[in-house]
């Protein structure tokens, strides 16, 4: 231990502590298994200051009486309570304040849990979508598939098949009540029944995003619920710019097999530049809602 000539406390008085009850900042950090920089930062913001400071050397000294206070700070920090709120409590500790603090943090934690559960669902869905889309056995094959009720958020806008979709995705995000982070998900384009009937495949009628747990609690004019559907589908290697020939094939197949269109088509890119630079891995799917004659 270093000797102390003059020790100055935070209260403006001198004291000469016994060396057995005082600890240098490095010793304190080792005892509590925290970084020295953390203790310095706590001192800087007034959260946890040394019991005394040597005016000549600048050494910080902590007393055993401060252990309980630091334990409390570290406990509350481990509960992810903001340092500002911890500081307000430790300088004026009472039961009402600690109960309020813990209940507030419990509420915040429950909200975080819900957020992480949503993230987990998105991850599971995205992993499944990518793995499923990457399988080559179903590419270029027309299938009949049933889809459950789905919710989308959409922006009605004429979009040419050669347009860069990033601008339209941003506009969709800005017009939405949802967080922009959800737009990292599954974006698609819509061709209206009228466009399909006219065989107009070079210009889309809307851009959309599938919603899951992010569905707004209140109705919104750009949110649409798609009822359960039976669709003729086809997956192909390529992007929206390559879709026209596959629309023709789908419509020809529908006519030959006695199917009638019941709603707008959905065109979804599962794998694109956002996931890989290898264009041979790009996968897009067209879903054509139909009913049998």
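Here are the numbers for the structure shown:
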| item | result |
| --- | --- |
| Qualifying residue in the range 239-251 (condition: farther than 23 Å from residue 119 by Cα, part of a loop (DSSP other than H, G, I, E, B) and modelled with pLDDT under 90) | yes |
| Close pairs from the range 145-173: first surrounded by fewer than 15 Cβ atoms within 10 Å (Cβ to Cβ), partner at pLDDT below 90 and outside any loop (DSSP other than H, G, I, E, B), Cβ under 9 Å, at least 6 apart | 149/225; 162/240; 162/241; 170/180; 170/183; 171/155; 171/157 |
| Filter result (closer than 15 Å to residue 234 by Cα and either in contact with a helix residue (DSSP H, G or I) (Cβ under 8 Å, 6 or more places away or on another chain) or outside any strand (DSSP E or B) (or both)) within the range 265-284 | 265, 267, 269, 270, 271, 282, 283, 284 |
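The values are calculated or read from the model by the stated rules, or taken from the named source; none is laboratory data. In this text the structure is predicted, and so the values were computed from the model without any measurement. Cβ sites come from the backbone with ideal geometry, for glycine too, and all protein chains shown count toward neighbours.
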